[in-house]
Amino acid sequence: MSIASSPRRDQRRRMLVSWKRSAPAGEAAAGTTARAPAEYAAEAAPERQRGPAVLLPTTAGGLSLAMIAILLPIAGSIALGACEAVFGMKPIAATGRFARTLRAVEACVDPQSIASLQAWLGQVFLFAAAVIACIVRLMRRHRRDDYHGRYRAWGWLAGLFVVTACAGVVPIGALVAAVATDATGIAFGPGGAGWWFTVAGLAYGLVALWAVLPLHERLGTAFWLTAAVASWGGSAAALWIGPRWPLHAVAAASLWSLAAAFAVIAMLTAARSVIREVRGLPVRKPAADRAAAKPARAEQAAATQRRREEQVEEAVDDETPDFTTTDEESDETAFTDGSEPEHRHLSKAERKRLKKLARMREAAA
């Protein structure tokens, strides 16, 4: 009786065996000593990928600068757009000779407009997140032990980002709501919008779990993706409440754009994690594991200190001469025939050495 298996899984196993056989001896020896979190083929390096893979930040400082460059413009556009709705004052006073120009600038930052600055930034960020997800897919597909093809999740995630960006301009949500309402006869939510929110939420949840869980450094990516989905959920809740809340339109537009910024940051974090895996860098342990490892390190340090003290005591015992003499040796009338060497005085260097050994013995005691 033979066990049925997937043809692709068998092909992946045969590729893994061929990779191991073709690897040189030096590379195999280095792989046994280095701590590599995962095995990748040489084609997975960012330098061998199509597109701007080499431009992705791989250090903590570069990733922090990228986050600042993403969050600052989106925060500024949200602040300008929500200033009038929240504080009751216009950020730009359209008066004077350039009143027409200032009114045009005010229209550019209006969050309720489809052609506003923050809506454009949100769409740009979503398309950028889709591109980065595709780059991650190109690198993950060269992982040697990926028998189940989990790298495909990044392609699906890129597709979801593109659909979300299009939904900001094209009424895709209204289309899904109308189709589901006509098919089931149930108007779920205002105008059936609940169907679109439910489908989008389930799709993001399943695909995000499928993509993020296989990562070795998944905490940062999971945090930013969760923040993005939560912001989209807040935007949907604001639209669900509708006119009962005066700021619902401004809050919905602002949260939607902020979610797009969180999405591109999540993809940058995931790309950095995958590049670290490809280059064989060690996996960083979370804070809980480091805290649990502190007692073990303390015990190891204490054991090392005890071994050093024992070695010092043994060295002192071996090096310190025995000045104790018997009565027969101390007798001044003892007969000596000159064949035995006479006791000589210790030199200054020897006395210093003995004093040093005595101090070491006292410190060890």
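The values are calculated or read from the model by the stated rules, or taken from the named source; none is laboratory data. Owing to the predicted nature of the structure, the values given are computational and were not obtained by experimental measurement. Counting neighbours? That spans all protein chains shown, and the Cβs are built from the backbone with ideal geometry, glycine included. Side chains included, ligands, DNA and RNA excluded: accessible areas come from the protein's heavy atoms. Shrake-Rupley method; radii C 1.70, N 1.55, O 1.52, S 1.80 Å.
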Measuring from label point to label point, each 7 Å out along Cα→Cβ, what is the Ala99 to Cys83 span in nm? 1.9 nm
Alpha carbon centre of the stretch 257-281 versus the stretch 228-248: separation in Å? 27 Å
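Using the Kirkwood radius built from alpha carbon pairs, what does the Stokes-Einstein equation give as D for the stretch 65-208 at 37 °C and 0.692 mPa s, in µm² per second? Kindly include the intermediate steps, with their values, before the conclusion.
Working: Rh = 18.3 Å.
Roughly 180 µm²/s, to the nearest whole number.
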Gyration tensor (alpha-carbon) shape descriptor, the stretch 196-246, a/c threshold 1.5: oblate
If you rank His142, His148 by how much accessible surface each has, with a 1.4 Å probe, what is the order from largest down? His148, His142
With a probe of 1.4 Å, find how much accessible area the stretch 205-286 has per residue, and write the answer as a whole number in Å². 43 Å²
When the Kirkwood radius is taken over all Cα pairs of the stretch 133-282, what Stokes-Einstein diffusion coefficient follows at 25 °C and 0.890 mPa s, in µm²/s? 148 µm²/s
Whose amide H sits under 5 Å from the amide H of Tyr40, counting only residues 5 or more places off or on another chain, with H placed in the peptide plane? Arg144
Give me, ordered by chain and number, the residues 5 or more places off Thr58 or on other chains with an amide H under 5 Å from its own placed amide H. none
Karplus-derived HN-Hα couplings along the stretch 174-187 (A = 6.51, B = -1.76, C = 1.60, θ = phi - 60°), whole Hz, x at Gly and Pro: 5, 5, 5, 5, 5, 5, 5, 5, 5, 6, 9, x, 10, 8
For Ala45, other-chain or 5+-apart residues with amide H closer than 5 Å (H placed, Pro excluded) are none
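Given the Cα-Cα distance of Arg279 and Gln300 and 0.36 nm per residue of separation, how much length would full extension add, in nm?
4.5 nm
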